[in-house]
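Written below as C-alpha cells is the structure these notes are about.
The values are calculated or read from the model by the stated rules, or taken from the named source; none is laboratory data. In this text, all values refer to a predicted model and were calculated from it rather than measured experimentally. As a convention, Cβ positions derive from the backbone with ideal geometry for all residues, glycine included, and neighbour counts pool all protein chains shown. Surface areas here come from the heavy atoms of the whole protein model, side chains and all, with no ligands, DNA or RNA. Shrake-Rupley method; radii C 1.70, N 1.55, O 1.52, S 1.80 Å.
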Amino acid sequence: MNLLSGILITLLLAACAVLAYMASRKREISRQNDSLQKSLREADTARQALAESTEQDRSEKDWYRILFASTSDMVFVFDIKPDNTPGSFLEVNDLACHRLNYSREELLQLTLADLEAQDGTPAGFGYSSSDLVTLSDEYVRERQRKFTSRAARTTVERIVAAGELTYERDFEDHNGKRFPVTVHARKLSATDQS
C-alpha cells in the first residue's frame, strides 16, 4: 500500500501543479484579453474620430470647391518658382476658363505671364521698326519672353514682400482679345487658415 499511496500522492501533486499552471495561464490569458479589448475600444474610438474628421474635411473641401467655382471673379492658383517667377497654374475656376476661352487643361499649362497682354511695340524690347527687318521672329519672341518673365518676376516679388497686392493689367484671351482686369493677388501657403 505504501507504493500505491506514493503513486496517488505523486499524481495528486502533479494534478495540483497542472491546475495551478492552468489557473496561471487563465489569468494571463484574461489579462491579454482585457488588454486586447481595451486596444480594440481605443481603435474603434480613433476610427470613429477619424471618420468624423474625414467627413468634416470632406464637407469643408466641398464648401471651398463650391465657393471657388461660384465666385464672380476669375481665380488662379499657382506656385512660385525658385527664381520668383509664377509657375504653371495648379487650379483655375470655370469662369477663368470661360472668360479666357481656354479649356481647363490648356489653362493649367499656362502661367500668369502668359495671360498678361504685352505691349506689342518693338521699342519696348530695345529695337526700332527698322531694326526688326534684320531680326528673326524667333529672336524677337525670345526677347519678349524674357521681358515678360522679368515683369512677372517683379510682380511676384512685390506679392511675396507685401503678402498681397492689387494692381491693374490687361489680360489676353485665347483669341488674342485684350481686356482690362484688376488683379488681387495674395500669397498663401499650405498651412494658411485664412
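Can you find even one residue in the stretch 58-75 that is at negative phi, in contact with a strand residue (DSSP E or B) (Cβ under 6 Å, 6 or more places away or on another chain) and not in a helix (DSSP H, G or I)? Give the steps one after another, and end with the answer.
Here is the first cut: in the stretch 58-75, the residues at negative phi are 58-75.
From what's left, in contact with a strand residue (DSSP E or B) (Cβ under 6 Å, 6 or more places away or on another chain): none.
The answer is no; no qualifying residue exists.
Condition (residue is under 16 Å from V77 (Cα atoms), modelled with pLDDT of 80 or more and not hydroxyl-bearing (S, T, Y)) applied to the stretch 176-183: is it met by at least one residue? Yes; the residues of the stretch 176-183 include at least one that is under 16 Å from V77 (Cα atoms), modelled with pLDDT of 80 or more and not hydroxyl-bearing (S, T, Y).
With the structure loaded, tell me whether I9 is farther than 30 Å from R104 by Cα and surrounded by 10 or more Cβ atoms within 10 Å (Cβ to Cβ) or whether it fails that test.
Details: farther than 30 Å from R104 by Cα: yes; surrounded by 10 or more Cβ atoms within 10 Å (Cβ to Cβ): yes.
Against the criterion (farther than 30 Å from R104 by Cα and surrounded by 10 or more Cβ atoms within 10 Å (Cβ to Cβ)), I9 qualifies.
Of all residues in the stretch 76-86, those satisfying the criterion of being surrounded by 15 or more Cβ atoms within 10 Å (Cβ to Cβ) and out of contact with any Lys or Arg (no Cβ under 7 Å at 6 or more places or on another chain) are F76, F78, I80, P86. Would you please name the residue that is nearest to D94 (Cα to Cα), looking only at residues in the stretch 40-75 that are open to solvent by 100 Å² or more (accessible area, probe 1.4 Å) and either touching a residue at least 40 places away in the same chain (Cβ under 8 Å) or among the aromatic types (F, W, Y) (or both)? That would be Y64.
Whether any residue in the stretch 22-34 is surrounded by 10 or more Cβ atoms within 10 Å (Cβ to Cβ), closer than 30 Å to R150 by Cβ and within 47 Å of the chain's Cα centre (by Cα) is what I want to check. Checked against the condition, which is being surrounded by 10 or more Cβ atoms within 10 Å (Cβ to Cβ), closer than 30 Å to R150 by Cβ and within 47 Å of the chain's Cα centre (by Cα), the stretch 22-34 yields no hits at all.
Against the definition (in contact with a Pro (Cβ under 8 Å, 6 or more places away or on another chain), at pLDDT below 65 and not charged (D, E, K, R)), how does V133 come out, yes or no?
Values: in contact with a Pro (Cβ under 8 Å, 6 or more places away or on another chain): no; at pLDDT below 65: yes; not charged (D, E, K, R): yes.
Judged against the criteria, V133 is not a match.
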